[in-house]
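A short write-up of the structure that comes next.
The values are calculated or read from the model by the stated rules, or taken from the named source; none is laboratory data. Just so it is clear, the model here is predicted, and its values are computed rather than measured. A quick note on method: Cβ atoms are made from the backbone with ideal geometry, for glycine too, and the neighbour counts reach across all protein chains shown. Just so you know, the surface numbers come from the protein's heavy atoms only, side chains and all, with ligands and any DNA or RNA stripped out. Shrake-Rupley method; radii C 1.70, N 1.55, O 1.52, S 1.80 Å.
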Amino acid sequence: MKPRRKTIEIYILIIAVAFEAIGALYGGINLMNDPSGESIKLPITMLEGTSFQNYMIPGIILFLLLGFFPLFLIFPLFFKPNWPLIGKLNIYKGYHWAWTYTLYASIILISWINIQVMILETGSAIQGAFGMLGVIMLILTLSPAVKRYYKLHHRSRHQTLVQKSTTEKNF
């Protein structure tokens, strides 16, 4: 069976994942370096009524879950490596774990933006843009071309038996 070729949807998805990673790493690093939020013009008053005294914890979450995690996915989305240990958290065993984790990353981004808007009771253009990015990532991840590319090939019992009997006949 010949290997599947990457489609335009896959390249767009990888670019979207990279864009999310860069944006979240930038925001997370700035919030961890300056938990007051002043360096990226986030007033500390936005945190009133939340569990946070400053932006350190949101910065760590932003850096790890929305920055580092998608950054980590770029290589496997391109090359589909077989890393069994990482594949353990793949709940969709018929698909490469990079596909499943990209689905997770999309849902995490959409949830992060929704939680921000609910807690802060306000939104901004940047939140809207990253919320849309999450939706675009989700749509692309679930698109037939992307699912087909990351679908794992498993031989059915019948295919295995047919090949085995064909091989035995040749000897």
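Applying a threshold of 8 Å to beta carbon distances and a minimum spacing of six or more residues, or different chains, the list of pairs starting in the range 132-153 at a residue that is closer than 14 Å to I8 by Cβ and without any contact (Cβ under 8 Å) to a residue 24 or more places away in the chain and ending at one that is of a type in the set (F, W, Y) and part of a helix (DSSP H, G or I) is empty. Elements of the type helices (runs of 4 or more DSSP H) sitting completely within the range 1-118 and holding at least 2 residues that are more than 22 Å from V146 (Cα to Cα): these cover 8-33, 56-63. Checking each residue in the range 87-122 for being over 14 Å from the mean Cα position of the chain (by Cα), over 17 Å from A24 (Cβ atoms) and either open to solvent by 50 Å² or more (accessible area, probe 1.4 Å) or at pLDDT below 95 (or both) picks out G87, K88, I91, Y92, K93, M118, I119, L120, E121, T122. Scanning the range 6-25 for residues that are in contact (Cβ under 8 Å) with a residue 12 or more places away in the chain and of a type outside the set (V, I, T) gives K6, E9, L13, A16, A18, F19, E20, A21, G23, A24, L25. On the basis of being in a helix (DSSP H, G or I), modelled with pLDDT of 95 or more and within 20 Å of I29 (Cα to Cα), does I136 make the cut? No: the conditions fail for I136.
Taking the stated definitions as given, is Y149 modelled with pLDDT of 95 or more, touching a Lys or Arg at 6+ places or on another chain (Cβ under 6 Å) and not in a loop (DSSP other than H, G, I, E, B)? Criteria met by Y149.
Scoring Y11 on the criteria (1) open to solvent by less than 60 Å² (accessible area, probe 1.4 Å); (2) hydroxyl-bearing (S, T, Y); (3) closer than 18 Å to F79 by Cβ leaves a single failure, condition (1).
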